[in-house]
Amino acid sequence: MQQTVLIIDLGAQYTQLIARRVRESGVYSEILPYTTDIEEIKEKRPVGIILTGGPDSIYNENSPKIDPALLELGVPVLGLCYGAQLIASLCGGKVDRAEKQEFGKKELERIGESELLEGIEDGNTVWMSHADRIERLPEDFVITGKTDACPVAVFEAPDKKLYGIQFHPEVVHTENGSRILENFLYNICGVSGDWSMKDFVKTQVEEIRETVGDKKVLCALSGGVDSSVASALVHKAVGDQLYCIFVDHGLMRKDEGDQIEAAFSDMAHFIRVNEEDRFLKDLEGVSDPERKRKIIGEDFIRVFEEEAGKLDNIDFLLQGTIYPDVIESRSASGETIKSHHNVGGLPEDFDFTLLEPLKLLFKDEVRRLGEELSLPENLIYRQPFPGPGLAIRIVGDVTKDKLEILREADSILREEIAKAGLDRDIWQYFAVLPGVQSVGVMGDSRTYDQLIAIRAVTSVDGMTSDWARIPPEVLERISTRIVNEVDHVNRVVYDITSKPPGTIEWE
Ligand code: XMP
């Protein structure tokens, strides 16, 4: 059976990071809200439990608490920050407001022997961020680390397998933080550390086969990383029972539709519907960005429904929901705060059971899974691409001619960024056609032609971003090639606006 470490979320900002660190150490981890019933926790048979930090104070009446029975399962428990204070408090210690908040880098002073701190030297830098502190430890616990402002920075009761750390080993500012987490996992929980993507594929394939049986699965394949990897995984599990519909709205980048088709053409039921004419006709003369989005969204649903209607007896709808979507949808107390729809606006009256095989994976793990399933790199490392495609990168109305210009310019940009080895460092990079004409000179003649804007941004989640510092010589090559190779373009500009106040897309 797969070894699992449970992370009990008490409202910490770093919960996902802890889960990732554990998985990076070769151990499967799952996040559960602190309200999870103890029986559900037991059923998961965890080999270790980590209690996260959280912004509240233990002594506040409504602050997150756990069932004390969790500390008596005989399973090692590590509490971090608030989680550590919770252990101390539930075992009979005292937590109170500290005289002074402790925030930032501190030096750890070690006290005595500790399996948890094996290999951690005196003076190791640790990252603190707390206003409360443990005033009195429960009986049977010993202090194994302190800082100048925090007399109980690390404490433990090895016989009870309970451990607490006031600082944050999961953040990079804590020197050797991963070593401390690994000490907990390997020395204390005794994990084997052999969780890998290969195992994930194996267990998921078995699970999907069992769930789906001999029924059919439908997928709206967009060519994005998540829906592509989800489709490849389900195809490996149930083969011809998977039906993938790829709606080509004619607003994709150069050759993209063909690349998606090539990657999935060995599927018996890969259905590509080329609907460029329909989308362009409906977009004719429309320049308002939100109306463009709406038209594209509605056309997409209509086409998808038409195609799906041609298939009989579909029971499952495959969606590429990933872990951050699931976690974002749930607060620490387990309530749903936002629902996510990965396939933009599918009709609500569809009577399918959802199949979400990626829902426990982080984005980089989805990419590794894609590699394990031998998907091509251009799909696995595809940059985020908006559902409405190039239509929102053409300012104003969309025509076939404009799409042609934009596609060529964008293709050159992508080629040069890849050649310069920058393609994995830049979050999104693309060309925009603002619909502005300007005067230029080519050879001996005056031109009055189109402007191309280059947008390239760095970001971690698309919510905020900064313009990418592309070396001038790379920008120069991009500009020269676009002006020389793309008809009707005589000028290239680089967008140096961050988000906020700008957005990543121009529309
Ligand atoms: P903005 O332009 O709002 O974009 O800074 C943030 C991220 O969202 C993408 N984006 C969209 N994705 N449909 C999508 O599926 C849309 O209508 C849409 N608009 C923006 C954008 O590419 C960036 O990654």
Binned Cα-Cα distance frequencies in the range 197-380 - 5 Å width, integer % = 1, 7, 16, 19, 20, 17, 11, 5, 2, 1, 0
Name the residues of the range 14-33 whose amide N is less than 15 Å from a point 7 angstrom out from the Cα of Ser178 along the C-beta direction?
-> 17-27
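In debye to the nearest 20, how big a dipole does the chain give about its Cα centre with +1 on each Lys and Arg Cβ and -1 on each Asp and Glu Cβ? Could the numbers behind the result be given before it?
Details: 57 positive and 91 negative charges, 151 e Å.
Its charge dipole is roughly 720 debye.
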Placing each pseudo-label 7 Å from Cα in the direction of the beta carbon, Leu311 and Lys44 end up separated by a distance in nanometres of 3.2
Summed residue charge, Cβ within 10 Å of Glu404's Cβ, Lys/Arg positive, Asp/Glu negative = +1
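What GluC sites (Glu not before Pro) in the range 205-313 are in a loop by DSSP, with at most 14 other Cβ atoms within 10 Å of the Cβ?
Numbers: sites: Glu206, Glu207, Glu210, Glu256, Glu261, Glu275, Glu276, Glu284, Glu290, Glu298, Glu305, Glu306, Glu307; in loops: Glu275, Glu284.
In loop regions of the range 205-313 (DSSP not H, G, I, E or B), the sparsely surrounded GluC sites (Glu not before Pro) are Glu284.
The range 13-56: which chymotrypsin sites (Phe, Trp or Tyr not before Pro) are DSSP loop and have at most 10 other beta-carbon atoms within 10 angstrom? Spell out each step's value before the answer.
Numbers: sites: Tyr14, Tyr28, Tyr34; in loops: Tyr14, Tyr34.
Those that pass, being in a loop and sparsely packed, number zero.
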The range 98-161: GluC sites (Glu not before Pro) falling in loop per DSSP and having at most 11 other Cβ within 10 Å = Glu113, Glu121, Glu139
Once you have a ≥ b ≥ c as the square roots of the Cα gyration tensor eigenvalues for the range 94-167, tell me rounded if a/c is under 1.5, and otherwise prolate or oblate according to whether a/b is larger than b/c.
-> oblate
Sort His235, His173 by accessible area with a 1.4 Å probe, largest first.
-> His173, His235
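Nearest 5 percent is fine: what portion of the DSSP beta bridges confined to the range 393-495 is antiparallel? Please report the intermediate quantities before stating the final value.
On the way: 13 of 19 bridges.
If we restrict to bridges inside the range 393-495, about 70 percent are antiparallel.
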Solvent-accessible area per residue for the chain at a 1.4 Å probe radius, Å²?
-> 46
Dividing the convex hull volume of the Cα atoms of the chain by its residue count, what figure in Å³ per residue is obtained?
-> 173
On alpha-carbon atoms, Rg over Rh for the range 393-495 using Kirkwood Rh?
-> 0.98
Expressed in angstrom and rounded, the centroid-to-centroid distance over alpha carbons for the range 53-81 and the range 167-230 is 25
Pro158: net charge of surrounding residues, Cβ under 10 Å, Lys/Arg +1, Asp/Glu -1, itself excluded?
-> -3
With both partners inside the range 197-380, how many of the DSSP beta bridges are antiparallel, as a percent to the nearest 5?
-> 5
If you plug each phi of the range 472-478 into the Karplus form 6.51 cos²θ - 1.76 cosθ + 1.60 with θ = phi - 60°, what whole-Hz ³J(HN,Hα) values come out, in order, with x for Gly and Pro?
-> x, 5, 6, 4, 4, 4, 4
Percent antiparallel among DSSP beta bridges with both residues in the chain, to the nearest 5?
-> 45
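Is the shape of the range 5-127 rounded, prolate or oblate, going by the alpha carbon gyration tensor and its root eigenvalues a ≥ b ≥ c, with a/c under 1.5 for rounded and a/b larger than b/c for prolate? Working shown, then result.
Working: a/c = 1.61, a/b = 1.18, b/c = 1.37.
Note, shape of the range 5-127 comes out oblate.
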Cross-link list Lys281/Lys499; Lys44/Lys202; Lys42/Lys160; Lys94/Lys161: which exceed 28 angstrom alpha carbon to alpha carbon?
-> Lys281/Lys499
Of the peptides 437-449, 74-86, how do they stack up when ordered by the mean number of other Cβ atoms within 10 Å, highest first?
-> 74-86, 437-449
Shape parameters for the range 125-221, alpha-carbon atoms, Rg then Dmax in Å = 21.1, 64
With the full set of protein chains in place, find how many percent of the accessible area of the chain is carbon and sulfur; take the probe as 1.4 Å.
-> 46
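The values are calculated or read from the model by the stated rules, or taken from the named source; none is laboratory data. Please read these numbers as outputs of a predicted model, since none were measured by experiment. Cβ: placed from backbone, ideal geometry, glycine included. Neighbour counts: every protein chain shown. When the accessible area is computed, the model is the full protein with side chains, heavy atoms only, and any ligands, DNA or RNA have been set aside. Shrake-Rupley method; radii C 1.70, N 1.55, O 1.52, S 1.80 Å.
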